[in-house]
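A.B. asks: Here it is, the structure in full.
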Amino acid sequence: MMNRDPTKIVGRKKMDVRQGRGTDRIDEKAEEVRARFATPGKHVIYDKKLQEAQKYVEAVNSNKPPTDLKKFPYLRKEVGLTAPTPLELANLWIAMNESWDQVSPLIEEISLRGKYAVKSAKSQDEIDEILLNTLDQLDAIGEPRPSMIGKTR
């Protein structure tokens, strides 16, 4: 029968908990930063709007502009609110998606690198240093929404 040092087992479990808290904190910050660019929980709607916008612009560019917006429910409901014409609104949605496509992979890379580093950390001090660097890198992306200003890490 193998003798195990119970302090090593307890120490490992404590480190696992600390690492878990660290990776959770990185996920929270990444979500906060994503919210600077896209409202949480609306990604499916944004994808539908993008598809609709692309179809609309494609139709306009093929010299067969739609005579009405029946096949474009999001454009129909939002035109006049966010942009004055369907084409301007469609182009806005496409541009917004292009911005998202640039920033989203950066957020993902930083958070994944930080989480992998936290998972391989050997001490709380190491976790703290990784968190400080990772959260600072994430925080440098975009401008916080006014409602987020003043919140702490």
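A.B. asks: Tell me, please, whether a residue that is touching a strand residue (DSSP E or B) at 6+ places or on another chain (Cβ under 6 Å), modelled with pLDDT of 95 or more, within 28 Å of E143 (Cβ to Cβ) and not acidic (D, E) can be found in the stretch 45-57. Don't jump to the end; show me each part of the working.
C.D. replies: Step one: list which residues in the stretch 45-57 are touching a strand residue (DSSP E or B) at 6+ places or on another chain (Cβ under 6 Å), which gives none.
No: the stretch 45-57 contains no residue that is touching a strand residue (DSSP E or B) at 6+ places or on another chain (Cβ under 6 Å), modelled with pLDDT of 95 or more, within 28 Å of E143 (Cβ to Cβ) and not acidic (D, E).
A.B. asks: Determine which member of the set P86, P66, P144 is modelled with pLDDT of 95 or more and over 30 Å from K14 (Cβ atoms).
C.D. replies: Unique residue meeting the criteria: P86.
A.B. asks: Would you please list the contacts, defined by Cβ atoms under 6 Å and residues six or more apart or on different chains, that run from a residue in the stretch 40-59 that is closer than 17 Å to A83 by Cα to a residue that is among the small types (G, A, S) and assigned to a helix (DSSP H, G or I)?
C.D. replies: A53/A90; Y56/A90; V57/A90
A.B. asks: Pick from the stretch 38-96 the residues that are among the β-branched types (V, I, T) and part of a helix (DSSP H, G or I): which of them is surrounded by the most Cβ atoms within 10 Å (Cβ to Cβ)?
C.D. replies: Filtering first and then ranking leaves V57.
The values are calculated or read from the model by the stated rules, or taken from the named source; none is laboratory data. Note that the structure is a prediction, hence the values are computed from the model and not measured. FYI the Cβ positions are ideal-geometry reconstructions off the backbone, even for glycines, and counts take in every protein chain you see.
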